[in-house]
1. What do you reckon, is Gly220 farther than 29 Å from Cys41 by Cα, surrounded by 14 or more Cβ atoms within 10 Å (Cβ to Cβ) and modelled with pLDDT under 95?
2. Take the residues in the stretch 110-125 that are hydrophobic (A, V, I, L, M, F, W, C) and surrounded by fewer than 16 Cβ atoms within 10 Å (Cβ to Cβ); name whichever of them is modelled with the lowest pLDDT.
3. Could you identify the single residue in Val146, Val176, Val100, Val170 that is of a type in the set (A, V, I, L, M, F, W, C) and modelled with pLDDT under 95?
4. When the residues of the stretch 154-186 are narrowed to those that are assigned to a helix (DSSP H, G or I) and touching a residue at least 60 places away in the same chain (Cβ under 8 Å), which ends up farthest from Ser110 (Cα to Cα)?
5. Contact list please: Cβ distance under 9 Å, first residue in the stretch 208-222 and in a strand (DSSP E or B) and of a type in the set (Ser, Thr, Tyr), second residue modelled with pLDDT of 95 or more and crowded, with 16+ Cβ neighbours inside 10 Å, pairs at least six apart or on different chains.
6. Take the stretch 99-122 and flag every residue that is part of a helix (DSSP H, G or I) and in contact (Cβ under 8 Å) with a residue 24 or more places away in the chain.
7. Run Asp107 past the list (1) in contact with a strand residue (DSSP E or B) (Cβ under 6 Å, 6 or more places away or on another chain); (2) surrounded by 15 or more Cβ atoms within 10 Å (Cβ to Cβ) and report the number of the one that doesn't hold.
8. Report yes if some residue within the stretch 56-79 is in contact (Cβ under 8 Å) with a residue 60 or more places away in the chain and loosely packed, with under 15 Cβ neighbours inside 10 Å; otherwise report no.
Amino acid sequence: MFIGHYAVGFAGKKLAPKTSLGTLFLAAGLMDFLFTFLLLCGVEHLRIDPGNTAVVPLDLYDFPFSHSLMFALFWSVLFSLLYCQIRKYPRGSLVLGGLVFSHWLLDLVSHRPDLPLFPGSETMLVLGLWNSLAGTAAVELGLFAVGVWLYASSTKAVDRRGKYALWALVVFLLVVQIINYQGDPPPSVGVFAWVGLSAWLIILWAWWIDRHRRVRGGRGYY
């Protein structure tokens with residue numbers, strides 16, 4: 001998924017109003033950031049494989065340290081503890097831990113059989129939503145609509161930047177998603193990984209948006 005993960009990041013603001021949207025996005029996408037880093041380091045691997053699924057032209061055959069169930073739980077707990085130690089906001093730390101693990105749950109719904117229980121496990125868990133383009137689009141776009149609504153309804157812009165930058169981000173993510181549905185496969189694994197790392201710009205964009213919005217009935221924690 002792409003915007004499905006950002007959807008839960010948007011929704012997380014409702015549950016943890018003192019946590020920045022940028023941090024919520026980081027938690028929701030953490031496992032993919034780890035994967036692209038480990039991919040560039042040669043620790044984890046994938047193949048460009050058009051037709052592998054109806055949606056994603058990738059064979060994700062080796063990513064146990066970023067996407068196994070065991071490590072998904074580990075990264076969730078670690079991120080939650082680090083945030084609580086730094087920000088002293090237990091509610092936010094619990095929500096962030098849940099967002100990190102939500103990534104694995106959404107991948108469980110969408111992927112082909114490629115999510116191991118632990119490194120070296122031959123048991124792979126998936127439900128295979130990516131085998132249906134229409135089904136994937138319906139689920140992701142539905143999640144995204146709900147997530148954006150929850151964020152927009154629980155915060156308010158304090159200036160024009162807070163208003164227009166949010167909707168610019170929403171449009172940008174939708175355009176990228178449509179390109180993903182209709183575009184060509186990445187030309188190489190390296191290009192895929194570097195493009196994946198560029199998602200850090202979205203994290204910064206979300207953080208900047210949140211600096212220009214406030215939680216309705218209170219103040220955010222930035």
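1. Answer is yes for this residue.
2. The residue in question is Met124.
3. Criteria check complete, one pass: Val176.
4. Ser154
5. none
6. Leu99, Val100, Phe101, Ser102, His103, Trp104, Leu106, Asp107, Val109, Ser110
7. The failed condition is (1).
8. Checked the stretch 56-79: no residue is in contact (Cβ under 8 Å) with a residue 60 or more places away in the chain and loosely packed, with under 15 Cβ neighbours inside 10 Å.
The values are calculated or read from the model by the stated rules, or taken from the named source; none is laboratory data. In this text the structure is predicted, and so the values were computed from the model without any measurement. All Cβ positions, glycine included, derive from the backbone under ideal geometry; neighbour counts span all protein chains shown.
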